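Below: the structure, in structure tokens.
The values are calculated or read from the model by the stated rules, or taken from the named source; none is laboratory data. A quick note: this is a predicted structure, and the numbers were derived from the prediction, not measured. Glycine also receives a Cβ, built like all others from the backbone with ideal geometry; neighbour counts cover every protein chain displayed.
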Amino acid sequence: MFRKIYSRVMSVAIVGAMAMAVCTGCGSKVDETVEINLEEVPHADTVDVAFDDDLAVESTDEIYYDANGWSLRYDPNVIAVNAGGPMSTFVYTGDCAGTCMMTSTYDVGMDAETAAEELAKSWGEEAKVTECIFPGTADVSGYYVYLPPMEGGLGLVQDAFVRDYMDGYLTLEFTIHNCGDDSIDIPVSDAFAYMVDTLQF
């Protein structure tokens, strides 16, 4: 689509440049200035561009709007959304080494710091909690919970973002299985990274 339009514009520009070269390249000087009154040219301020249907670019992304006031974009070709109540899951349906999903949870039972600590405790002693800026914001403090993969394990990676939200806390928890094959692992990572990058409140 853009290539065809660009080529048309460039063709006009090239023709114009060649015409000027013919007029000025022979050593003659053009003293006459031609002025064009745009008000006398019908529709001079508008340009209609027709796009060919076979060249149209369509986005396959969809937007998930959560009842609690946030949204994100995802690719429905590889992500299945299961929304219900305070918890929603985003499951990767493409080729992957095992279960790969993001779970969003909103609860009013505790604050974000307590929720992050409780989540880390449920993952075991190796899990760590650090402060962070919550995704989708520029200045909202949150907590990042991370469980390093076990040596010789199944390639399971668990991490989560937690923040205070409305009257409680919001958690985005990731459960990812990696196999060590970049052709499989990277598309999974990219799909979830894209969702996090498009998060809005």
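Identify the single condition in (1) part of a loop (DSSP other than H, G, I, E, B); (2) at pLDDT below 95; (3) surrounded by fewer than 17 Cβ atoms within 10 Å (Cβ to Cβ) that ALA83 does not satisfy, given that it satisfies every other one.
The failed condition is (1).
Of these, ASP167, ASP190, ASP107, which one is surrounded by fewer than 15 Cβ atoms within 10 Å (Cβ to Cβ), of a type in the set (Asp, Glu), out of contact with any Pro (no Cβ under 7 Å at 6 or more places or on another chain) and touching a residue at least 40 places away in the same chain (Cβ under 8 Å)?
When all the criteria are applied, what remains is ASP167.
Please go through region 104-142 and give me each residue that is touching a helix residue (DSSP H, G or I) at 6+ places or on another chain (Cβ under 8 Å) and within 23 Å of TYR64 (Cα to Cα), ordered by number.
Those that are touching a helix residue (DSSP H, G or I) at 6+ places or on another chain (Cβ under 8 Å) and within 23 Å of TYR64 (Cα to Cα): ASP107, PRO135, GLY136, GLY142.
Considering each of VAL162, VAL145, VAL129, VAL157 in turn, give the residue that is assigned to a strand (DSSP E or B), touching a Leu at 6+ places or on another chain (Cβ under 9 Å), at pLDDT below 95 and not polar (S, T, N, Q).
Just a single option satisfies the conditions, and that option is VAL157.
Counting only residues that are among the aliphatic types (A, V, I, L, M) and loosely packed, with under 15 Cβ neighbours inside 10 Å, which one in region 141-164 is farthest from GLY94 (Cα to Cα)?
Going through the qualifying residues, I end up with MET150.
Given the conditions (1) free of Cβ contacts under 8 Å to residues at least 12 places away in the same chain; (2) assigned to a loop (DSSP other than H, G, I, E, B), and given that CYS96 satisfies all but one, which numbered condition is not satisfied?
Looking at each condition in turn, CYS96 falls short on (1).
On the basis of being loosely packed, with under 14 Cβ neighbours inside 10 Å and either in the same structural domain as ILE184 (by TED's automatic domain parsing) or within 22 Å of TYR194 (Cβ to Cβ) (or both), does GLU117 make the cut?
Against the criterion (loosely packed, with under 14 Cβ neighbours inside 10 Å and either in the same structural domain as ILE184 (by TED's automatic domain parsing) or within 22 Å of TYR194 (Cβ to Cβ) (or both)), GLU117 does not qualify.
How many residues does region 165-198 contain that are of a type outside the set (S, T, N, Q), farther than 26 Å from LYS121 by Cβ and assigned to a loop (DSSP other than H, G, I, E, B)?
3
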